[in-house]
Each structure stands twice: as structure tokens, then as C-alpha cells.
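The values are calculated or read from the model by the stated rules, or taken from the named source; none is laboratory data. For clarity, every value in this text was computed on a predicted model and none was experimentally measured. Cβ placement follows ideal geometry from the backbone for every residue including glycine, while neighbour counts extend to all protein chains displayed.
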Amino acid sequence: MNTFLVVAAFMAVIAAGAVALPLIRDRQSRVIGAVAAVAIIGAAAGLYPLWSTWDWRAPAQPRAAGPEVLAMVAKLENRLREEPNDLAGWVMLGRSYVALQRPEDAITAYERARRVDGNSVDAILGLGEAMSLRSGGQIPPEAAQLFEQALHLAPSNPKALLYGGFAAALRGDRDTARTRWEALKSLHPPRQIEDMLDARIAELGPPGASQSGGGAGAAPAGTSTSPAGTGASAGDSAAAEATVNISIAPALRSRLTAEAPLFVFAREPGAQGPPLAAKRLTSSAIGTQVHLSAADSMLPGRVLVSGRRVSITARVAFSGQPLPAAGDLYGEVSYDVGRDGARNLVIDRVAE
């Protein structure tokens, strides 16, 4: 999802300037200003491994941070203990935690910021972003509500328009998503961002094609529910799909919990980076048939193509995160796209 990275980086630079420049002008606050700029821009960099270069097989590793960065964050934490009503400080701390890939801590920091000012757009958007990061790049219903609140408070905020568009598409309101992304385009973002918005708007179909009534947690069939989705590609790849019947070995059935997250994804054997297609479901999908197609791709140009052999994995992730963890239940099957019909995929292994 390199286009989303461009969006995040662009907005992070704007945010860095807005926060850091006033502090840098004050001699006593120059160090804090520098920390702010580094932390905010670092937050954008922190999105890349979550939304673009996942290694879905490798164990999750905390993001390495230099001792200087950790020391600056610790200094900010200490200052906030003495000044708990510092709104800008809590927002800055939340962005720092995002850069360090600590979404739970980021959520706590943004919630503290909202206690100081419940109408802070930065705190509301930050909280929604952190919740989405915790969900592996998906936008959970509570985050979608936060993006709606941010748009109500700041209708022209670029980040609110971006995420508000994703939230609208998530619930099937394509006309609203189109309106918001068109409004973001009218703010004249960089060309790369405008191209990405054009592609997402094209995926919505013609005006008036909204599928309302799906609820905040529902999405139109075949439509991605996260900023990482790219929709279908043109040509034969748009029709290429893989179909698997998901089941679980009887010996592992007792380990299942209700509504545990289930990730089903296809990738080239041995390939690194994001899958060719992926869906986030729940354990209730076990026992049903799952389809993967270009509508479930994660990067432009990386889709299922007829004639390609892929490996399809189904993984029950009790942590709720897209990265594998010990105790996860999973199964794999080889699949020839365009040749195989529905294949059986049995979840029969436990990750160590």
C-alpha cells in the first residue's frame, strides 16, 4: 500500500511543521520541537511495515528505536506526569508511540488527550488511527465513528476526509466516500495522492451505486474494508480468483473461541512482503467457502493472476493482529489460480 504511505508521509510532514515550528521558535522549547518533528514523521514511517511490507509468516518483532529516541519519549512521559493537562504533549506522545509500533500505548495517550479536550481533532483522528493500526490496518467500527466525529468538527481536514472516505466505503455509502475524496482532491494534494484518490473513486462505481443499510461494521461484497485494499485490477486478473472450503481439524476445534479473527490470504510461495490477496474474517467463517480475488489485493499491480500457483493460508489469530503469534491455529494449501476449483483447506496446525 505504497500510495497510502505517501498520504501518511505527506500529512505527517504537515503535522510536523504545525507542531514543531512554533516550538522551535521558542529557544526553551527547541528540543521538544525537534522531538515532535521526528516523532510525527516517524509515525508515517511506522505505517509502512503495517500496511505495505508485512511478512505474514515471520514472528512479530518490536520496532527498533535508538536510545536517543527512547530517551526523548521517556522525557516526554515524565513531563506529562507533571503536566497531565498538556493536550499537545499527549498528542505528541501518541504519535511517538505509533512510530514505535506501540498502538496500545498510543491509544492510551490519545484517550488522555481527549480527556483534556474532547473536541481535539488531532486527538480524535490519532485515536482512530491507533485503533486501526491495532486492528492490522482494518478500520474497526469504533474508529469509523471517530473519523465521522472528526469530520463533523473539521469538515476540511485532509486526514479526516481521507479516513472518512474509507469509513463511508466500509459501511457501503459509496456516494459519501466519493464526495469526501473529491473534497480532498480539491485541496490539491501531491500528484501521487491525487492518483491514488482517482483509483479509489473509480472503484466506487458510478454515482448512486451506494449499498446502504450494511451498518458500520459491514462492507459491500468484494470491497476492501481497509486503507490497504486496492480493489480489482483491469484485464484477466480482475476475474482470477481462488476458492477454498475452510474447515478445522477435530483435535483443534476445542481451541476455537467465538468470533476469533480469521485471516485468509494468498501469496506466492516463498515471497516476502504483503500477500497477493487477503481477507479478515472471524472464526464463524470456518465451515464455509471463501473466495479471494483482485478485490482483496493489497497493492496496486499485485493481484491473483490466472496460471499462477499460490499458497493459501487460513490462520486463526487470537491476538487479533495480522502478524503470526505462538498459539495461532493455521492451515495451508497449494492452489493453481484459474485451474483449480474449490479446494479444501484444513486448519490443522498450531504455531509455535
- the stretch 128-179, subset of a type in the set (Phe, Trp, Tyr) and more than 19 Å from Pro207 (Cβ to Cβ), residue modelled with the lowest pLDDT: Tyr163
- Query: If you go through the stretch 71-122 one residue at a time, how many are within 18 Å of the chain's Cα centre (by Cα) and small (Gly, Ala, Ser)?
  - Reply: 4
- Message: Let me spell it out: the conditions are (1) within 27 Å of Arg171 (Cβ to Cβ); (2) assigned to a loop (DSSP other than H, G, I, E, B); (3) modelled with pLDDT of 65 or more, and Ser233 meets all of them except one. Which number is the exception?
- Response: (3)
- Wholly inside the stretch 282-352, strands (runs of 3 or more DSSP E) that include 3 or more residues that are buried (at least 18 other Cβ atoms within 10 Å of the Cβ) are 289-293, 309-316, 329-336
- Task: Would you please name the residue that is farthest from Ala317 (Cα to Cα), looking only at residues in the stretch 241-266 that are buried (at least 21 other Cβ atoms within 10 Å of the Cβ) and out of contact with any helix residue (DSSP H, G or I) (no Cβ under 9 Å at 6 or more places or on another chain)?
- Result: Ala242
- Query: Under 9 Å by Cβ, and 6 or more places apart or on different chains, what pairs join a residue from the stretch 306-324 that is among the aromatic types (Phe, Trp, Tyr) with one that is in a loop (DSSP other than H, G, I, E, B) and buried (at least 16 other Cβ atoms within 10 Å of the Cβ)?
  - Reply: Phe318/Ala260; Phe318/Asp328
- Message: Being of a type outside the set (A, V, I, L, M) and under 25 Å from Leu170 (Cα atoms) is the filter here; which residues of the stretch 250-272 pass it?
- Response: Glu259, Pro261, Phe263, Phe265, Arg267
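Take Asp195 and tell me if it is in contact (Cβ under 8 Å) with a residue 40 or more places away in the chain and farther than 27 Å from Leu323 by Cβ. Lay out the reasoning, then the answer.
Numbers: in contact (Cβ under 8 Å) with a residue 40 or more places away in the chain: yes; farther than 27 Å from Leu323 by Cβ: yes.
Here the answer is yes, as Asp195 does meet what is asked.
Among the residues of the stretch 212-227, is any modelled with pLDDT of 50 or more, surrounded by fewer than 17 Cβ atoms within 10 Å (Cβ to Cβ) and among the polar types (S, T, N, Q)?
Residues of the stretch 212-227 modelled with pLDDT of 50 or more: 227.
Filter again for surrounded by fewer than 17 Cβ atoms within 10 Å (Cβ to Cβ), leaving none.
No; the residues of the stretch 212-227 include none that is modelled with pLDDT of 50 or more, surrounded by fewer than 17 Cβ atoms within 10 Å (Cβ to Cβ) and among the polar types (S, T, N, Q).
So if I check each of Ala169, Ala183, Ala160, Ala143, which one is within 18 Å of the chain's Cα centre (by Cα), aliphatic (A, V, I, L, M) and more than 23 Å from Trp90 (Cα to Cα)? Talk me through it step by step, then tell me what you get.
Details: Ala183 fails: within 18 Å of the chain's Cα centre (by Cα); Ala160 fails: more than 23 Å from Trp90 (Cα to Cα); Ala143 fails: more than 23 Å from Trp90 (Cα to Cα).
Only one candidate qualifies: Ala169.
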- Query: Restricting attention to the stretch 97-109, does a residue exist that is at pLDDT below 95, assigned to a helix (DSSP H, G or I) and basic (Lys, Arg)?
  - Reply: no
